[in-house]
Amino acid sequence: MKGLAVFQDTIFALSSGALPSGVAIIRLSGPQVQSGLQTLVGNLPPPRQAVLREIRADDRGLLDRGLVLFFLGPNSFTGEDCAELQIHGGRAVVSAILHYLANLEGFRPAEAGDFTRRAFLNGKMDLSGAEALADLIAAETETQRKLAIQNTSGRQRQLYGSWRTTLLRARAFIEAELDFADEDDVPGSVSQRVWENMRALAATLRSHIAGYAAAEIIREGFRVVLIGAPNAGKSSLLNALARREVAIVTDIPGTTRDLVEVSLDVRGLKVIVTDTAGIRETDDVVEKLGVERAHGAARAADLVIHLMPADAADIDRVNPLNEDNNRIVVTSKCDVGRVARGTLAVSAVTGEGLEELLDVISSRAAASLALAESTIPTRLRHKSHLSDCLSCIDVAVSRDDLPLELRAEELRQAADHLGRITGTTDVEDLLGVIFSEFCIGK
């Protein structure tokens with residue numbers, strides 16, 4: 001970004017957690033921060049130093065005592081003058097200060113993502129960094145935190161920036177050949193070298209785009225679906241894994257009619273386990289819909305766990321060799337019958353085998369995240385622009401029947417698609433969508 005965006009208003013919001021709390025933090029950003037602080041606390045604190053001050057309102061006297069921090073722009077999160085009031089976290093205290101700020105001229109309550117949006121517009125971060133910050137705030141597991149913190153460091157920006165530079169350099173060579181082919185200092189027929197570089201970049205992009213599957217699992221969760229005949233112990237297993245009553249359990253076949261999901265943190269990874277209707281032939285219209293949904297969930301799952309109860313008549317005919325990369329056979333109710341040879345045995349009643357089952361889920365999930373250690377696209381928006389970029393490069397490389405000018409234009413569009421990921425090209429229509437994901441005060 002060039003220069004700083006100019007905002008006429010000053011925004012403020014409670015940026016800490018739900019009230020009441022031990023400490024509450026009110027954040028301010030904008031051109032009236034200094035005058036607002038002087039009104040509230042008297043003399044302006046030295047920049048970047050926490051100072052204990054009385055917080056007063058002209059018409060209401062002392063509101064509270066707390067720590068006050070002032071950050072002089074552009075050396076702040078948003079690039080503007082910023083301040084934080086660290087006060088007692090009582091509802092009445094916070095409400096009184098927020099009410100007072102709302103009545104100051106030029107001040108308004110912040111909307112979702114307002115602070116981060118200003119940071120982006122003032123060049124403090126790129127769009128991929130802003131999205132990573134939103135992911136960090138929303139992170140529920142250790143794996144989600146690691147992926148988000150990795151991207152807040154600017155690794156995506158640096159990677160996509162280097163690819164964009166490669167594309168721009170390739171265009172420059174082509175256009176130099178077009179415009180100055182008769183000059184001695186322009187090497188003749190540079191196109192062959194350019195297209196070799198573009199083929200290599202296309203191969204790198206294909207591998208990079210494939211990493212989105214791992215990012216999707218980290219952000220949305222590794223999907224595990226329990227299937228089996230009625231009364232196979234699916235609902236009981238779900239409750240045992242969740243350690244609470246999530247699904248209704250009875251001895252009546254067909255009790256579960258719809259999908260029941262629970263989100264778990266398994267070895268630092270978000271795992272969504274889904275209980276399904278028992279699979280059998282039925283004339284019941286509602287149960288039949290449940291069976292269809294069970295099949296649909298299994299097709300979309302990252303891992304299918306097929307439960308065979310130990311008391312089933314055909315337990316000896318179970319063949320675990322039919323397992324594949326996304327399907328395993330597990331003997332349930334192992335406390336009441338025989339265990340199918342070669343299968344993992346679990347009991348929702350005694351807890352036997354539950355830790356081993358979680359280990360299996362964790363290892364299968366880890367295998368799906370092989371690319372997650374490197375920089376990968378983390379949003380569908382990223383994948384879409386990367387795919388469009390790749391398509392443009394493929395056209396430029398493969399269509400040697402096109403005039404050189406048109407092939408260069410494909411490379412220009414490819415570079416623009418990369419720029420839209422980080423916000424270096426026009427993305428105004430995206431800003432409202434991206435920053436609406438943030439909480440108030442961030």
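The residues of the range 364-378 that are over 12 Å from Ala213 (Cα atoms), outside any loop (DSSP other than H, G, I, E, B) and not small (Gly, Ala, Ser), listed by number, are Arg364, Glu373. For the range 3-36, which positions are touching an Asp or Glu at 6+ places or on another chain (Cβ under 9 Å) and not small (Gly, Ala, Ser)? Selection gives Leu4, Phe7, Thr10, Ile11, Ile25, Ile26, Arg27, Leu28, Pro31, Gln32, Val33, Gln34.
Checked against (1) open to solvent by less than 60 Å² (accessible area, probe 1.4 Å); (2) out of contact with any helix residue (DSSP H, G or I) (no Cβ under 6 Å at 6 or more places or on another chain), Leu369 passes all but a single condition, namely (2).
Restricting attention to the range 81-98 and to residues that are over 19 Å from Gln38 (Cβ atoms) and not in a loop (DSSP other than H, G, I, E, B), the residue that is most open to solvent (accessible area, probe 1.4 Å) turns out to be Arg91. In the condition set (1) under 30 Å from Thr424 (Cβ atoms); (2) in a strand (DSSP E or B); (3) touching a helix residue (DSSP H, G or I) at 6+ places or on another chain (Cβ under 6 Å); (4) not aliphatic (A, V, I, L, M), Phe77 is compliant with all but (2). Listed by first and then second residue, the pairs linking a residue in the range 154-171 that is open to solvent by 50 Å² or more (accessible area, probe 1.4 Å) to a residue that is of a type in the set (S, T, N, Q), with Cβ atoms under 6 Å apart and 6 or more places separating them unless they lie on different chains, are Arg155/Thr375; Arg157/Ser128; Arg157/Thr422.
What is the residue count in the range 42-63 for residues that are open to solvent by less than 20 Å² (accessible area, probe 1.4 Å) and under 19 Å from Leu104 (Cα atoms)?
Residues in the range 42-63 being open to solvent by less than 20 Å² (accessible area, probe 1.4 Å) and under 19 Å from Leu104 (Cα atoms): 2 in total.
Checking Leu19, Leu40 one by one, the residue that is outside any strand (DSSP E or B), touching a helix residue (DSSP H, G or I) at 6+ places or on another chain (Cβ under 6 Å) and at pLDDT below 95 is Leu19 and no other.
Of all residues in the range 342-356, those being surrounded by fewer than 20 Cβ atoms within 10 Å (Cβ to Cβ) and touching a residue at least 60 places away in the same chain (Cβ under 8 Å) number 3.
Return the residue satisfying two criteria in turn: it lies in the range 379-429 and is surrounded by 15 or more Cβ atoms within 10 Å (Cβ to Cβ) and in a loop (DSSP other than H, G, I, E, B), and of such residues it is farthest from the chain's Cα centre (by Cα). Residue satisfying both the conditions and the ranking: Thr424.
The values are calculated or read from the model by the stated rules, or taken from the named source; none is laboratory data. Values in this document were obtained by computation on a predicted structure and should not be read as measured data. We place every Cβ from the backbone using ideal geometry, glycine too, and count neighbours over all the protein chains shown. To get the accessible areas, we keep the full protein, side chains included, count just its heavy atoms, and leave off ligands, DNA and RNA. Shrake-Rupley method; radii C 1.70, N 1.55, O 1.52, S 1.80 Å.
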